[in-house]
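> Got a structure for you, written out below as structure tokens; questions coming shortly.
Read-outs: derived from the displayed coordinates by stated rules, not from any lab. Everything numeric here is computed off the predicted structure, so don't read it as measured data. Cβ placement follows ideal geometry from the backbone for every residue including glycine, while neighbour counts extend to all protein chains displayed.
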Ligand SMILES: [Zn+2]
Ligand SMILES: [Zn+2]
């Protein structure tokens, strides 16, 4: 199994010379199993260059897109996934039901194809398009892959996905804030919430136990996080702690903060690694960048 990053930026596309080395497109990861099954994690603007590559390859596209959650930076490449316009292509969109509105995953497509936002409606698209709203905690088989999901910590429902195939596995958090108790110490709600968080963390940890590659939202430094607690994003330090806890083989830091240029990103990353020197054991930690391809075989 191999995977490739097509978008590593969080929150808003951030093109330009400042971000040219790591890339300005928002979240999109291509996953290929040994049997050739194509899975795509999130449909940020990175989905567009992926689409160009798929069409260049010539064969009819059969793509299984898994959406972590419905925030724009994870879905706004979707109408521009050009295989949707090609007869003979098949695109299946997977994702959670929004527990607030009750909408299934088809809604993230429908809402973007409204006439005031996009000029082409679904009936005019040539591909066979299918929607599969997932049950929380229920794995699905896609080709030679098994895709399991677990609910992460984010202001809207966000599924973290584990993809396993032929003895290899990866886990992608989508947007995730590891541990945030909004109730201060001394508040009667603090202790029960702490217990709730512990239980939730155990469920998440078991979903990513022993993965070969763990791909995590590392939007903030620990200093930046202080002013952004509760926004639903993680830190480099939190991601490393999580990777060590679950025994991941490699950690890929992604969802880079949109205001952070390449030089600053590298400086921040170097500082985190220096502070963890001697504590990582066999864990390898990498910064994700557009075009980075990783083979797990
Ligand atoms: Zn995001
Ligand atoms: Zn989000």
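> At residue 52 and residue 97, where each label point lies 7 Å from the Cα along Cα→Cβ, what is the point-to-point distance in nanometres?
The two pseudo-label positions are separated by 3.9 nm.
> Based on other C-beta atoms within 10 Å, arrange 92, 28, 218 from fewest to most. Walk me through the intermediate numbers first.
Details: 92 17, 28 27, 218 31.
Least crowded to most crowded, the residues run 92, 28, 218.
> Between residue 295 and residue 121, what is 0.36 nm times their sequence separation minus the Cα-Cα distance? Round to one decimal in nm. Mind showing how you got there, number by number?
Details: separation 174, 0.36 × 174 = 62.64 nm, distance 3.71 nm.
Contour length minus Cα-Cα distance gives 58.9 nm.
> As a test, work out the antiparallel percent of DSSP beta bridges whose residues both lie in region 124-279, rounded to the nearest 5.
Counting DSSP beta bridges with both partners in region 124-279, the antiparallel share is about 60 percent.
> Modelled label-to-label distance, residue 200 and residue 264, 7 Å Cα→beta-carbon offset: nm?
Result for the modelled spin labels: 2.9 nm.
> Here's another thing I want to ask about it. Shape verdict for region 153-219, please, from the Cα gyration tensor: rounded (a/c under 1.5), prolate (a/b greater than b/c) or oblate. Spell out each step's value before the answer.
Numbers: a/c = 3.29, a/b = 2.26, b/c = 1.45.
Prolate.
> How many percent of the alpha carbon pairs in the chain exceed a separation of 35 Å?
16
> If you rank 170, 292, 273 by fewest surrounding Cβ atoms within 10 Å, what's the result? It would help to have the intermediate numbers written out before the result.
Numbers: 170 28, 292 18, 273 14.
The order, fewest Cβ neighbours first, is 273, 292, 170.
> Could you sort 175-182, 44-51 so that the peptide with the highest average Cβ count within 10 Å comes first and the rest follow in order?
44-51, 175-182
> For Cα pairs less than 8 Å apart in space and 6+ apart in sequence, what is the mean separation divided by the residue count of the chain, i.e. the relative contact order in percent?
Computed over the chain, the figure is 19 percent.
> Express the relative contact order of region 196-297 as a whole percentage, based on alpha carbon pairs under 8 Å and six or more residues apart in sequence.
Here the relative contact order equals 30 percent.
> Nearest 5 percent is fine: what portion of the DSSP beta bridges confined to the chain is antiparallel?
45
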